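Participant: Supplied in structure tokens, the structure appears directly below.
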Amino acid sequence: MNIMKPLKNLVSFVGLAIFSISITAHADEYPTKPVTLVVPFAAGGPTDAVARLLSIPMTKFLGQTVIVENTAGAGGTIAANRVAKSPKDGYLVLLHHIGISTAPALYSKLPYDTLNDFEYIGQVVNAPMTLIGRKNLPATNYKDLLAYIQKNRDKVTLANAGPGAVSQLCGMLFTSQLGIPLTQVPYKGTGPAITDILGGQVDLLCDQTTNTLSHIKADKVNLYGTTTLKRLSSLPNVPTLNEQGLKGFQVVAWHGMYTSKGTPTLVTDKLNAALKFALADSEVKARLAELNVEIAAPEDVTPAGLKRQVESEIKKWAPIIKASGSYID
Ligand code: ASP
């Protein structure tokens, strides 16, 4: 009888058991070093603002610094790929928005699998959007903007944060509903885009209240409408785009938190608890309320709640994006 085979099996079984015990033990101690929260857009924009706000209470909860890092480019897909391909240890966490669900329809070849390459931590916030323009644009309301676009269709520029950004999605819906294609100006985030709106270098931008509200209130930009079906509590006198003729126009920038697939449950549970702790923080709540940003419902601040959202949003946007002809090869 060959006793070598059972012996070999026993050795590999013990080896495997030791390996999984050591992963669990590490997971139990998590985090033992700083955690990086990856923002898929440039600093100074709305996703960055939410990440920096959350990083303070998350640091408190985890007992390790949560560092915000901006990995901008390709509408958020570079950052998503970076986190998808990272070690399965929970030290690289992604804060992304609705763009994670539109990218599969926009890009013919995504380097990661949206549904299978991530552990889902939970939904975070829902931010409404506003269509704004540079202050010196000779159109101060939506009706005048339409007339201006019709007369100047070859010269009007529309900023966005690249294909996969919610600003691009909003701009694409706007131009396709109008039936007038406008020149798109891509940035690495809407932080730099709004700087150019304020400087008068680009004409229009559709962006989250997180980024636009302070400039709207300071009267530094023209505001043409909001992207929700109902008016915003922070801007009760501002009509929605839906009300002004863009029937059914609705874009909400919902956000979610992810880490790489295969990260131990002990770690993802801790990240979920840290996220819940951050969303319950009184300063975070007050700041988000000021920005008209809504915290996700408790049942959505869960892995299942986020996965459900990503799946249904992929299904919702794919035909709309296909019909619009936006496609990156
Ligand atoms: N929210 C922006 C967008 O997707 C990007 C950013 O956060 O800078 O358009």
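Participant: At a threshold of 8 angstrom on Cα-Cα distance, excluding pairs fewer than six apart, so keeping six or more, what relative contact order does the chain reach in percent? Please report the intermediate quantities before stating the final value.
Facilitator: Working: 657 pairs, mean separation 90.0, N = 329.
The value is 27 percent.
Participant: Amide H of W254: which non-local residues (sequence gap of 5 or more, or other chain) have their own amide H closer than 5 Å, using H built in the peptide plane?
Facilitator: I98, A127
Participant: Sticking with this structure for a sec: Hey, could you grab the Kirkwood Rh for region 119-271? Inverse mean 1/r over distinct alpha carbon pairs, Å, one decimal. Please list the in-between numbers first.
Facilitator: Working: mean 1/r = 0.0613 Å⁻¹.
This gives a value of 16.3 Å.
Participant: Let me ask another. How far apart, in nm, are the 7 Å Cα→Cβ label points at A323 and R308?
Facilitator: 2.6
Participant: Starting from the Cα of L146, move 7 Å in the Cα-to-Cβ direction to define the label point; list residues of region 168-212 whose amide nitrogen is under 16 Å from there.
Facilitator: 174-181
Participant: Sticking with this structure for a sec: Using alpha-carbon positions, what is the distance between the centroids of region 122-190 and region 32-104, in Å?
Facilitator: Region 122-190 and region 32-104 have Cα centres spaced 26 Å from each other.
Participant: Given the options L246, P181, L213, identify the residue whose Cα lies farthest towards the positive end of the charge dipole of region 135-264 (+1 on Cβ of Lys, Arg; -1 on Cβ of Asp, Glu).
Facilitator: The listed residue farthest towards the positive side: L246.
Participant: Follow-up. Based on the Cα gyration tensor of region 97-160, what are the three equivalent ellipsoid semi-axes, each the root of five times an eigenvalue, rounded to whole Å and given largest first? Provide the component values of the computation, followed by the final result.
Facilitator: Details: eigenvalues 264, 55, 13 Å².
In descending order the semi-axes read 36, 17, 8 Å.
Participant: Only Lys, Arg, Asp and Glu count, each charged at its Cβ (+1, +1, -1, -1), so figure out the dipole size of region 86-222 about its Cα centre, rounded to 20 debye.
Facilitator: The calculation lands at about 500 debye.
Participant: With all protein chains present, how much of the accessible area of the chain (probe radius 1.4 Å) comes from carbon and sulfur, to the nearest whole percent? List each step's numbers first, then the result.
Facilitator: Details: 8530 of 14660 Å².
Roughly 58 percent of what the probe reaches on the chain is carbon or sulfur.
Participant: From the phi of every residue in region 138-146, what ³J(HN,Hα) in whole Hz does the Karplus formula 6.51 cos²θ - 1.76 cosθ + 1.60 yield, where θ is phi - 60° and glycine or proline is x?
Facilitator: These are the phi-based 3J(HN,Hα) values: x, 8, 9, 9, 4, 4, 5, 5, 4 Hz.
Participant: What are the semi-axes of the equivalent ellipsoid for the chain, taken as the square roots of 5 times the Cα gyration tensor eigenvalues, largest first, in whole Å?
Facilitator: Working: eigenvalues 349, 92, 49 Å².
So the equivalent ellipsoid measures 42, 21, 16 Å along its semi-axes.
Participant: Turning to a different aspect of this structure: How much accessible area per residue does the chain have, in Å², with a 1.4 Å probe? Please list the in-between numbers first.
Facilitator: Details: 14660 Å² over 329 residues.
Here the residues of the chain average 45 Å² of exposed surface.
Participant: For the chain, what is the calculated [θ] at 222 nm in deg cm²/dmol (nearest 500), taking -39500 (n - 2.57) for each run of four or more DSSP H residues and dividing by its residue count? Mind dumping the intermediate values first?
Facilitator: On the way: 11 runs with 147 residues, N = 329.
Value at 222 nm, helices only, nearest 500: -14500 deg cm²/dmol.
Participant: Taking amide H atoms as placed 1.01 Å from N in the peptide plane, list the residues 5 or more away in sequence, or in a different chain, whose amide H sits under 5 Å from that of V185.
Facilitator: Hits under the 5 Å cutoff: L158, A159, N160.
Participant: Roughly what angle does helix 46-62 make with the longest principal axis of the chain, taking Cα atoms, 0 to 90 degrees, to the nearest 10?
Facilitator: 30
Participant: Kirkwood-based Rg over Rh for region 184-290 (C-alpha set), two decimals?
Facilitator: Working: Rg = 17.7 Å, Rh = 16.7 Å.
Rg/Rh: 1.06.
Participant: Angle, helix 303-324 long axis vs. longest principal axis of the chain, Cα atoms, 0 to 90°, nearest 10?
Facilitator: The answer is roughly 40 degrees.
Participant: So which of K220/K316; K88/K270; K270/K307; K276/K307 end up more than 23 Å apart by C-alpha? Let's see the in-between values first.
Facilitator: Details: K220/K316 35 Å; K88/K270 14 Å; K270/K307 18 Å; K276/K307 17 Å.
Listed pairs above 23 Å: K220/K316.
Participant: Could you give the angle, 0 to 90 degrees to the nearest 10, between helix 166-178's Cα long axis and the longest principal axis of the Cα atoms of the chain?
Facilitator: The angle comes out at about 40 degrees.
Participant: May I ask for the percentage of alpha-carbon pairs in region 287-327 that lie more than 13 Å from each other? Could you put the intermediate results ahead of the total?
Facilitator: Values: 539 of 820 pairs.
When all Cα pairs of region 287-327 are counted, 66 percent exceed 13 Å.
The values are calculated or read from the model by the stated rules, or taken from the named source; none is laboratory data. This is a predicted model, so every value here is computed, not measured. For neighbour counting, all protein chains shown are included, and Cβ atoms are generated from backbone atoms with ideal geometry for every residue, glycine included. Surface areas here come from the heavy atoms of the whole protein model, side chains and all, with no ligands, DNA or RNA. Shrake-Rupley method; radii C 1.70, N 1.55, O 1.52, S 1.80 Å.
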